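Report on the following structure.
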Amino acid sequence: MGCIMLKIQRSFLLLFITSIFLIACDNTQSPDPAVKSAETLEKQKVSEQVTPKSCELIMGWEPWAPYHYQEYGENVKGLDIEMMGMITAETGCKISFQKGDWKELLQLLKSGEIDILTGASINEKRKKYAVFSDGYRTESFQLYVRAGEATKFQGYNMKELVKNGFRLGLTMDYIYNDEVNSLQDNPENADKIIAVSTGLINYSKLSEGEIDGFLEDPVVGSSSIRRQGLEDQIELHSYIINTGDVHVMFSQASVSEQTIRSFNQALAKIRSDGRHKTLMEKYTK
């Protein structure tokens, strides 16, 4: 009888030890769901930091050769188009293009219907709805007049020219300088400051005698005059406005800070490896 009781006690002890071991193994293999969830979330966060989300950008453009233009039946091309393609390729973003006039495109950027505009100068009004990249090229504006009339208007600043009846052609919502901006804001100059939706209109207005001159980027001016065959009709005046660096303008409504940081890093890279310089020389020399 004593032997039987001893065997039963040993069996119970063995069963108890086995149960304890199995419970310990089960806890090791199946952690608390809450702990597992926290670990999974942390892994997702790390993954998102390493791998950026899908990036697709819409760039607005207006006809403004050689920065952006389109030949009949062809895709849009130009200096800014190539540069944006080069930079977005570095960032892993896809880019598409939407045509419009500058005033319209600014409104689309403000609402987030397009994501970027190039060749933009910074002012307080634009800062309310846009973020600006690092500068990527410089820009200026020069006065163009009818052939043979440049000497006629020499020795005057723009304020004096307008006061004497000079009719100046501008492009809506472009940023020039304080002198021209103040002339635009003065209602007394309404019949002498003529702003159009796109700069190409000013070439025909000048040729037809509707204005006496217009302000244009000299790189754009020389390209447009050559492309339209107006070399014997339009010439440069010495009046010039140096606006300095221009930037890519990003919509606050649609573009993330991460995308803008990646863009600036890619811009710095193509500057350092020489691709930026090569591209600039392709279109400006």
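Throughout, read-outs are computed from the coordinates displayed, never taken from laboratory work. None of these values were measured; they are calculated from a predicted model. Positions of Cβ are generated from backbone atoms using ideal geometry, with glycine treated the same way; all protein chains shown enter the neighbour counts.
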>> List the helices (runs of 4 or more DSSP H) inside region 57-163, counting only whole elements, that have at least 1 residues being under 17 Å from Phe250 (Cβ atoms).
In response: 79-91, 102-111, 124-127
>> Being surrounded by 18 or more Cβ atoms within 10 Å (Cβ to Cβ) and more than 24 Å from Tyr72 (Cα to Cα) is true for just one of Ile225, Ile175, Ile193, Ile240. Which residue is that?
In response: Ile193
> From the list Leu230, Leu267, Leu236, Leu279, which residue is in a strand (DSSP E or B) and not hydroxyl-bearing (Ser, Thr, Tyr)?
Replying inline: Leu236
> Which one is surrounded by the fewest Cβ atoms within 10 Å (Cβ to Cβ), of the residues in region 69-100 that are closer than 25 Å to Gln265 by Cβ and of a type in the set (Gly, Ala, Ser)?
Replying inline: Ser96
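The rows are residues; the columns are (1) touching a residue at least 24 places away in the same chain (Cβ under 8 Å); (2) under 24 Å from Glu104 (Cα atoms); (3) touching a Gly at 6+ places or on another chain (Cβ under 8 Å).
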{"residue": "Ser182", "(1), (2), (3)": "no, yes, no"}
{"residue": "Ala190", "(1), (2), (3)": "no, yes, no"}
{"residue": "Ile193", "(1), (2), (3)": "yes, yes, no"}
{"residue": "Ser197", "(1), (2), (3)": "yes, yes, no"}
{"residue": "Glu235", "(1), (2), (3)": "yes, no, yes"}
{"residue": "Tyr239", "(1), (2), (3)": "yes, no, no"}
{"residue": "Asp245", "(1), (2), (3)": "yes, yes, yes"}
{"residue": "Ala253", "(1), (2), (3)": "yes, yes, yes"}
{"residue": "Gly274", "(1), (2), (3)": "no, no, no"}
> Quick one: would you say Val162 is surrounded by 20 or more Cβ atoms within 10 Å (Cβ to Cβ), of a type outside the set (Ser, Thr, Tyr) and touching a helix residue (DSSP H, G or I) at 6+ places or on another chain (Cβ under 9 Å)?
Replying inline: yes
